[in-house]
Every structure is written in C-alpha cells, then in structure tokens.
Amino acid sequence: MELGVLAKYPFLREASAYIQSEGVPLEEVLGDPAYARARAAGKARVLEALERGPEPNRVAVAPADQLSQLLAYPVARILVSALEDTYLIRRFALREAIVAEALLKDDSDDVVVHLAAQLPMDLRREDGGFRLHFSDFLRFTSTMRETPWKLINQRVERGFVRLRRDKALRVLRNAIQRHIEQGLPLPVNDEIWSAFRTDLREIRGLLDAKKATFKAEDIGKVSITRFPPCMYNLLAQIQNHENVPHMGRFAIVAFLHHIGLGNEEIFRVFGDVPDFAADVTKYQIDHITGTSSPTEYTPPECSTMKSYGICPGPDRICLSIRHPLSNNRLNGRETRPRRESPATAV
C-alpha cells in the first residue's frame, strides 16, 4: 500500500509494516533531529484531541508530510500511553476516528472496504452504497441512540443492512475509534519518559485543566477522580454533552446511587444529555434505585460492560476487580454488588 494512504490511516496493519521495512528505529524517532517534525506532529495530535478536536477542512496530508504524519501516529500513541488516562485515550481515539472519516469521504470505495476488513467488520459494496452485516451494525452503533440509527428503521436484506456511503462512513468512524481505544495504553519505559518529559508535562497540564471543567460539584461530595475508569468515562461523556447508550446510563445511575448520591443529585447529572427528557429520566432513576420498584439494582459487572462496548479498557485497578463497585471506598465504606440487571435504562 502506498505511503500516502498509510499516512492518512496509520492504524492500518500495513502502516506498522511499512515503518519496520524502512528500518526506522524507535530510538531515532524519540530523539534524532531528523524526526523532530514527526514528534511535533504527534504531540499536536494529542493536544488537538484535548483542546478542540480536528477541523474537517484541515485533515488533508500533503505529500511532503506523509512520512512525518505516519511516524506522528506512534509518537502520539506513546504520549497518550505514558499518561495512562482513560479520558485522554478516548479523546485521542475519537480525534483519529473523526479525521479518518473525513479523509475517507474523498477516498475510493476499495480503501473503505479494505479498512473495514481490518477492524474487523463485514462491509461490502453494493449498488452505489454499502451493505453491513446486521451484527456489526448493532455492535458499532450501540452509542447512537437517534431514531434514524435504530435497526428497525434500516433496510435489512438477508442479514445485511443497506447503507448510503455517508452512513457507512459514520459507522466506520465508531469502529475505528473502538479499534484505537482497545490498542491503548502501550507499555512505556523510563527512556521514553525521559525523551518526552517536557511534552508530557505540558499535556498533563492541559488534561488536568480540562478535567477541572467537569462539574464535580453537581454530583455532591464524591470525587470523580477516584471513579473506576468505566464510570469516569461515562460521566465524562454525559458532561461533554454526548449521547450515552442505554446500558451506560443504567450503569452510571446504579453506580452513583450505590456510592451515596441521592436521586435528585443523579437527576442533575443528566441535565446536559442531548436527548434529556425530565419525566422519563426521573421515572427511570427512581426505578433503578429501588425508589419506585421492589429491586435496588447495581451496575453491571466488568464482563458485561465489555460485552456492551462501554468498558474503555482496563487500568491497573481493573486488573484486580471484576465489578466496578468491588474496589470502591468513595463513601467511606466498601460497596458490594447486590443485583445486576439492565431491565431499564435512563
């Protein structure tokens, strides 16, 4: 595959193979002046992910920048991995996925199908558009709750969902984001830390400033910085005005209830969700917390979170637990799971 294509989609397997075939040692990328442009571009990708997101009219890769942009991707992954922050990982993956979607709009259908196969998803060309296996459609649209994306509103033939090109690329963006998230964080040694110490300090400062804008005071006395990564990630999505899937909403409501928040405090958390419906939200919170139902639900265990695609990837804490509540002492007591059920979701 040509360098120009790999520079646009550096998460492809061929991109890594190309770098290896060129014999570019990691040590040189980290410190050699010849690769200063690649290091700067990698850092810029991370900062952009935190600050404002990509600008669709500025995503083209100039021929002179192709090698630098290709190398910038592993540099950016190293920087993100070194800070081991799930919010940063998610923002970076989203940035890369949005850029890829914008570039694919002007690329060939052959490239689209080739890229999809590596994610993997069963996407095929058909009659000027595409068809996607319904299982992949469900898997990669689980966070898209708008009516036009419901499976019941799709044209399904012999197990495949018919999609216009723009809709296929939108689903592909979700798949790319998940693919990148699942590959992070990478192991980072002391040599890498030393090489990027100044850059990491700058990124950490911006990351901390970004987190400081989260409305922690709106959820009572609990410190969100001590949340397990899955719950931290869900809360961040809500407070960033993003749609969260049903299971994610169920999980965060049950979690906040079991760490001591009242129903009104939980209700205020959902005030910024794009499809917020006050009466429905209040009813479902009351149901999940046992206020209006005979059952007081707990959030799903880790394996269930993973199966629904709402686990952002484990950190060190996750390696020793099987449930978001099993290592939680936010309220001065350890909270243990009682009953898990996604019977309803906010």
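The values are calculated or read from the model by the stated rules, or taken from the named source; none is laboratory data. Worth saying up front: this structure is predicted, and the values here are computed from it rather than measured. Methodologically, a virtual Cβ is constructed for each residue, glycine included, from the backbone with ideal geometry; neighbour enumeration extends over all protein chains shown.
The table that follows gives values for the structure above.
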read-out	value
Filtered residues of the stretch 29-39 (kept if part of a helix (DSSP H, G or I) and loosely packed, with under 14 Cβ neighbours inside 10 Å)	33, 34, 36
Residue satisfying condition, being at negative phi and modelled with pLDDT of 95 or more, within set 117, 97, 60	117
Filter pass, residue 52 being buried (at least 20 other Cβ atoms within 10 Å of the Cβ), closer than 25 Å to residue 202 by Cβ and assigned by TED's automatic domain parsing to the domain that holds residue 190	no
Residues of the stretch 288-346 satisfying the condition of being within 23 Å of the chain's Cα centre (by Cα), at pLDDT 70 or above and exposed (fewer than 13 other Cβ atoms within 10 Å of the Cβ)	303, 307, 319, 320, 322
Tabulated pairs, the stretch 252-273, first closer than 11 Å to residue 325 by Cβ, second modelled with pLDDT under 85 and of a type in the set (S, T, N, Q), C-beta under 8 angstrom, 6+ apart or interchain	258/328; 258/335; 259/328; 259/331; 259/335
In the stretch 134-187, residue modelled with the lowest pLDDT [restricted to those that are of a type in the set (Asp, Glu) and part of a helix (DSSP H, G or I)]	181
Odd one out for residue 189 among (1) in contact with a Phe, Trp or Tyr (Cβ under 8 Å, 6 or more places away or on another chain); (2) more than 30 Å from residue 235 (Cα to Cα); (3) of a type in the set (S, T, N, Q)	(1)
Among (1) within 22 Å of residue 96 (Cβ to Cβ); (2) among the basic types (Lys, Arg); (3) in contact with a Lys or Arg (Cβ under 6 Å, 6 or more places away or on another chain), the one test that residue 162 misses	(1)
Residues within the stretch 82-120 that are over 19 Å from residue 163 (Cβ atoms) and not in a helix (DSSP H, G or I), tallied	2
